[in-house]
Structure formats: C-alpha cells, structure tokens
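The values are calculated or read from the model by the stated rules, or taken from the named source; none is laboratory data. Here the structure is a predicted model, which means the values were calculated and not measured. Counting neighbours? That spans all protein chains shown, and the Cβs are built from the backbone with ideal geometry, glycine included.
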Amino acid sequence: MVTLRPRRKTTLMNPPQAPKAIRKSPRKAPNIRAVTCQRCFLRMDKHPCHIPKGVRSAVDEALQSTGKQQQDQIRAVHRRITALSRQRNEEKKKAVIIDMAAEEQLHHSLKKALSFEDEPAQAEE
C-alpha cells in the first residue's frame with residue numbers, strides 16, 4: 001500500500017509577489033541617461049565609473065547623436081573600450097610575471113646565501 005505525503009504549503013515558502021509591472025523599480029541615480037540602443041555597452045552609462053576616463057567624452061557624444069550615426073559611434077566606443085580592457089589585462093599579466101620572476105630570484109638568492117652560511121660551519125667541524 002502506498003502512503004501519500006501531505007502537500008507542502010507553498011504559500012509560506014514562496015510568498016506571492018506583485019506582478020512585474022506593479023513592482024517598484026529600484027531607485028535610479030540622477031546621472032542616468034536614456035539610451036536607445038538596448039544591446040550596446042552604453043547601458044553601462046548607468047554606472048559611469050565603468051566607462052574609462054579616455055572614452056567618456058566619446059560616450060557623451062554618441063548619446064547626443066541619433067540613428068545610424070549613433071550606432072556607428074556606439075560600435076567605435078565599444079571597440080575602443082574592448083581594446084583598453086585587453087591592454088589593461090595584458091599589463092596585469094606582465095606585472096604578475098615580473099613579480100613571480102622577482103620572487104623566484106629572491107628565493108634563489110636567499111637559498112644561495114643560506115648555503116654559504118652553512119659551508120663555513122661544516123668546514124670548522
């Protein structure tokens with residue numbers, strides 16, 4: 001004979017939520033600008049700190065233009081930001097490699113210095 005388990009009360013576990021249209025939108029910062037392109041990088045304009053300083057003027061210019069010109073400027077800004085990010089990541093990798101090499105050299109020199117200190121003690125015995 002199969003026993004049936006009682007149904008769980010889902011209302012306690014998952015309280016009902018208001019429909020998406022009625023939900024309060026998050027508080028918007030005063031520096032948000034309307035952007036027509038939905039899939040472009042300029043949506044990051046909601047968080048200006050994410051836009052590199054050298055590109056911000058181009059972003060502002062792209063937001064002021066319209067139509068195909070705006071799309072072209074958006075693409076150019078996106079390519080520039082991608083190039084800057086790639087360059088910054090390569091610089092970080094080089095810095096890590098240099099740090100690792102310096103650490104290895106320091107380790108080697110310490111090992112060498114310690115071996116020289118041990119040799120006179122062994123020679124005296």
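Tabulated values for the structure
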| read-out | value |
| --- | --- |
| Given (1) modelled with pLDDT of 85 or more; (2) over 18 Å from the mean Cα position of the chain (by Cα); (3) not small (G, A, S), index of the condition K93 fails | (2) |
| Tally of residues being assigned to a helix (DSSP H, G or I) and free of Cβ contacts under 8 Å to residues at least 12 places away in the same chain across the stretch 54-74 | 8 |
